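The values are calculated or read from the model by the stated rules, or taken from the named source; none is laboratory data. Because the structure is a prediction, the values reported are computed rather than measured. Note that each Cβ is placed from the backbone with ideal geometry, even for glycine, and that neighbours are counted across all protein chains shown. The area values use the complete protein model at the heavy-atom level, side chains included, leaving out ligands, DNA and RNA. Shrake-Rupley method; radii C 1.70, N 1.55, O 1.52, S 1.80 Å.
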Amino acid sequence: MNYWLVKTEPETYGWDDLNKLGQDMWDGVRNYQARNHLNEMKQGDLVLFYHSGKAREVVGIAEVVRESYPDPTTDDNRWVVVDIIPKEALKKSVPLKLIKETDMLQNMKLIKQSRLSVMPVEKEEFDKILELSTH
DNA sequence: GCCAACGTTGGC
DNA sequence: GCCAACGTTGGC
């Protein structure tokens, strides 16, 4: 199983929106690197759900329930989506600031490549963020 | 509101 | 094929 992180502007589409819908497709990705990561996602993979902009924190965990297929919101066949469901809200969201202050998380693409919207996360990093969310 | 990072576009 | 110009993202 693999681990991922996706970013979204909560004012446009946030964790609450996904929860209201129960399941949704992750559409709108228009960047090759992010697209390639979507293509690598497997059913059952877990996805950290990050709010960018004003919030800047990881708020929940989603699960991939359908692997990549052509993005129905465009005729351009270069782009794909996956379907995800909300799995678990973090007890306490984990702010970017805390991630930056945590030694083990220094190599996260979230820090190193701040514009990337879909990125892989190491299991150790995933577990560490869950740990940070409990206290 | 500013700016760094980085992707895309278009002229040559 | 290179690179300058420009647009967008996202942190500060």
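Considered as an equivalent ellipsoid built on the Cα gyration tensor, the range A:1-52 has semi-axes of 18, 14, 10 Å, the largest given first.
When all alpha carbon pairs of chain A are counted in 10 Å bins from zero, the resulting P(r) reads 13, 47, 34, 6, 0 %. The Stokes-Einstein estimate for the range A:80-129, based on a Kirkwood radius over Cα pairs and taken at 20 °C with 1.002 mPa s viscosity, is a diffusion coefficient of 172 µm²/s.
The range A:30-59 to the range A:63-114: how many Å between their Cα centroids? So the two Cα centres are separated by 2 Å. With respect to chain A, whose longest principal axis is taken over its alpha-carbon atoms, helix A:123-132 is tilted by about 60°. An oblate overall shape is assigned to the range A:48-96, the ratio a/c of its alpha-carbon gyration tensor axes (a ≥ b ≥ c) being 1.5 or greater and a/b not exceeding b/c. All other residues with a Cβ under 12 Å from the Cβ of A:Ile61 taken together, and with Lys, Arg as +1 and Asp, Glu as -1, what is their net charge? Net charge in that neighbourhood comes out at -2.
The lysine pair tally for chain A, using Cα distances under 16 Å and a gap of 8 or more places or different chains, is 18. Heavy-atom accessible surface of the range A:4-135, averaged per residue, reaches 54 Å², computed with a 1.4 Å probe.
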